[in-house]
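Heads up: the structure comes next, in structure tokens.
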Amino acid sequence: MNSQFKKQPEFRQQQSVQSFYEPALRVLNEVYEIKRANLKRRGYNQDNAAVTKEELSQKMAYRFKITIWLAHEIITSLIKADKVKTFGGYVQPKIDEAPE
């Protein structure tokens, strides 16, 4: 019984991070679309659009009124949960190819 109480704070931390998944993905999609529009306007391939992890964490921290550390934790958790594509210091929203 005592071991359950030791794990509770970690569970709460994980739960609070996961509660930001949907809003974080919304912010990522917004910034990603801006990046795609910029590439289109300049005549480059839009598939190369990506958002830096730092830019995303700063936007999330400002919009959600959270710390930069927590924003980085959310991004890391999104990557581990395979919700976004990542390469180097960049992330892209994962496009589900499920048939409708």
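The values are calculated or read from the model by the stated rules, or taken from the named source; none is laboratory data. A quick note: this is a predicted structure, and the numbers were derived from the prediction, not measured. In case anyone asks, the SASA skips ligands and DNA or RNA and just uses the protein heavy atoms, side chains included. Shrake-Rupley method; radii C 1.70, N 1.55, O 1.52, S 1.80 Å.
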**Request:** For region 17-34, take each phi angle, set θ = phi - 60°, evaluate the Karplus expression 6.51 cos²θ - 1.76 cosθ + 1.60, and give the result in whole Hz per residue in order, putting x for glycine and proline.
**Result:** 5, 5, 5, 8, 4, 5, x, 5, 5, 5, 5, 4, 5, 4, 5, 4, 5, 5
**Request:** Mind ranking GLU10, GLU55, GLU30 by accessible surface for me, highest first, 1.4 Å probe?
**Result:** GLU10, GLU30, GLU55
**Asked** Could you give the accessible area per residue of the chain, probe 1.4 Å, as a whole number in Å²?
**Response** 75
**Request:** Identify which of SER19, SER57, SER77 has the largest mean-square fluctuation in a Gaussian network model of the chain, with springs joining Cα atoms closer than 10 Å.
**Result:** SER19
**Centroid-to-centroid separation of region 57-82 and region 24-48 [C-alpha atoms, Å]** = 19
**Prompt:** What ranking of TYR32, TYR44, TYR90 comes out by heavy-atom accessible area, probe 1.4 Å, highest first?
**Reply:** TYR44, TYR90, TYR32
**Request:** Report the full-extension gain for the segment SER16 to GLN46: residue separation times 0.36 nm, less the Cα-Cα distance, to one decimal in nm.
**Result:** 7.4 nm
